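The block underneath contains the structure these notes are about, expressed in structure tokens.
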Amino acid sequence: MNKRLSEEQLNKLDQTELIKIVMDQQRELEKLDNKLQQFLEAVADSNRHRFGRSSEEFNTDGQLSFGIVDGNLVLFNEAEAIHDEEIKENPGPIAKPRRPKGKKEADLSKLEVVKVTPYEMTEEELSETFGDEGYKRLPDEIIKRYYFVPSKVGIEEIHIGVYSGKKSEKMVKARFPAYLMRTSLVSPSVEAGIINAKFLNAIPFYRIEKQFEVDGIDITRQEMARWTISCAERYLSVFYDYLHSRMYGYHILHADETPVLVNKDGRPAGSKSYMWVYRTGDRLNHPIVLYEYQKTRNASHPREFLKDFSGICVTDGYQVYHTIEKEHEGLKIAGCWAHSRRRYDEALKALPKGSRKGTLAYKALAMIQGIYNADNVLKDLPLEERLMKRQLTVKPLVEAYFAWCHANEPRIGAKNKTAKGISYSLNQERYLKVFLDDPEVPLDNNSAERAIRGFCIGKKNFVMIDTVSGAKASAIIYSIVETAKANDLNVYGYMKHLLTEIPNHMEDSSSDFCEDLLPWSDSLPEDCYKKK
């Protein structure tokens, strides 16, 4: 009933009609309340992306304990669950963290020491100061400070002996290492420097070009792009393929993807392409990170990339991965708890701080944090013991969370963030429970998200990639850079080594030589490692 009724008309209505009017008004008010909540969440989410921190922390002091009683969530130590939130709202004095004793001296000992010409007094000055008393020399006062030498680029002039017979026309040259590109001035050290600047430090080619100008060298961004694409296609792609084959030997992989714009890909301007990333599990030794460029986000790409992989792949809730799991007998998909909690976090941030406690989103976050806390206690245990204790201590918390979701789903009809969070968890329930049966599977896909972060930072600086060749070359180079980082290598030194060694093996019939180039190989030279 939409028309406004007078007092007289209301008095004439019977009880059944009055109840119907009140129920209709309650439903309308509930719809308005849900729309208002959705609007507030949208505004808060927009502001968070524009101005806020990206952290989704929901800290708790100690392990949460909870259960389901009569269909309701009961937090058995709720005071501890909100302890950190209260501290944030009423912060006390913050103690300045102390530098560990001897750390500064240890850091300085790694650096080269250049002794500056000492400052000394002349004999005349000493005689004038001390007179007939004379003087004795005490230990010098020593002041230490950093020094910096700007980048330096020069020309390597390589002389190769050429010989011929005195009577015949026979001519030979002395043996010499292979070079990158015969008609180019680029060397392994220069290209490694360009890769280090662009793919590690996210500096676009035009800014590297400006730095070269400062150094007095005319190396254009077009030259750098050409060198980088050629090196990726001719040499680094061989090593990339070898890493791909080695990745199939691992039991756990992570997968993720992020959009990227490619200017000249034969499609209308603004068409989205995708950079996919695959990473071996955090708990496994010798990590490998591989990027792959593709024009689309459809299932054919991970299907091809993972066709020879047997094991567990941890992903977000993207349906494509579930589709290929059904087709691939040896592939199992595990879900991501970080994605499960994300909608609750967004719902909570849409509310004023004083009204967050007690909401469904708050309770959901508390339960998921309890699952994380319980599992973190087990992270350093041997695998068999970790599996056993996951079943004993973590599984009941997981089952309690899903029982809570099932109990509350019918009570939330609105399409707000909390409802979406519950719906997401229930849709992903099978995949979110996979970690309980394998001690090597983590709770989330954060490893892949960390692996793709370097590319996302670079993407913000260069905005788009110009060509498909450039996108494919970027995928190859980012793969090797991120793999080097994951293995704690010096990226510049490692890339220089690869670009020096791989050209010497281009005529080899197999890629076995790549074994000695792996980031964990004992054959790597000293400058591939970070100074420790």
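The values are calculated or read from the model by the stated rules, or taken from the named source; none is laboratory data. Because the structure is a prediction, the values reported are computed rather than measured. Cβ sites come from the backbone with ideal geometry, for glycine too, and all protein chains shown count toward neighbours.
Looking across the range 353-397, the residues that are under 16 Å from Asp444 (Cβ atoms), in contact with a Phe, Trp or Tyr (Cβ under 9 Å, 6 or more places away or on another chain) and among the aliphatic types (A, V, I, L, M) come down to Ala364, Leu365, Met367, Ile368, Ile371, Val394, Leu397.
For Lys88, indicate whether it is in a helix (DSSP H, G or I) and at pLDDT below 80.
Details: in a helix (DSSP H, G or I): yes; at pLDDT below 80: yes.
Judged against the criteria, Lys88 is a match.
Residues of the range 368-392 that are farther than 22 Å from Gln428 by Cβ, free of Cβ contacts under 8 Å to residues at least 24 places away in the same chain and in a helix (DSSP H, G or I): Glu385, Met388, Lys389, Leu392. Taken together, Gly154, Gly131 contain a single residue that is of a type outside the set (Asp, Glu), free of Cβ contacts under 8 Å to residues at least 24 places away in the same chain and more than 30 Å from Val491 (Cβ to Cβ), which is Gly131. Of all positions in the range 334-348, none carries a residue that is in contact (Cβ under 8 Å) with a residue 40 or more places away in the chain, surrounded by fewer than 20 Cβ atoms within 10 Å (Cβ to Cβ) and not in a helix (DSSP H, G or I). Meeting the requirement of 3 or more residues that are in contact (Cβ under 8 Å) with a residue 60 or more places away in the chain and over 23 Å from Gly311 (Cα atoms), the helices (runs of 4 or more DSSP H) wholly within the range 395-451 are 395-408, 417-427. Within the range 467-516, being surrounded by 18 or more Cβ atoms within 10 Å (Cβ to Cβ), of a type in the set (D, E, K, R) and without any contact (Cβ under 8 Å) to a residue 60 or more places away in the chain holds for one residue alone: Glu501. Restrict the check to the range 351-365 and report whether at least one residue is touching a helix residue (DSSP H, G or I) at 6+ places or on another chain (Cβ under 8 Å), more than 19 Å from Arg279 (Cβ to Cβ), without any contact (Cβ under 8 Å) to a residue 40 or more places away in the chain and buried (at least 21 other Cβ atoms within 10 Å of the Cβ). Within the range 351-365 (the criterion being touching a helix residue (DSSP H, G or I) at 6+ places or on another chain (Cβ under 8 Å), more than 19 Å from Arg279 (Cβ to Cβ), without any contact (Cβ under 8 Å) to a residue 40 or more places away in the chain and buried (at least 21 other Cβ atoms within 10 Å of the Cβ)), the answer is yes, since at least one residue qualifies. Taking helices (runs of 4 or more DSSP H) as the structural unit, those lying wholly within the range 190-301 and holding at least 2 residues that are more than 25 Å from the chain's Cα centre (by Cα) and free of Cβ contacts under 8 Å to residues at least 40 places away in the same chain correspond to 205-214, 221-231.
Restricting to the range 470-523, name every residue that is outside any helix (DSSP H, G or I), of a type in the set (Phe, Trp, Tyr) and either in contact with a Pro (Cβ under 9 Å, 6 or more places away or on another chain) or closer than 20 Å to Arg234 by Cβ (or both). Spell out the reasoning first.
Taking the range 470-523 as the starting set, the residues that turn out to be outside any helix (DSSP H, G or I) are 487-490, 506-511, 518-523.
With of a type in the set (Phe, Trp, Tyr) added as a condition, the list becomes 520.
Listed by number, the list is empty, since nothing qualifies.
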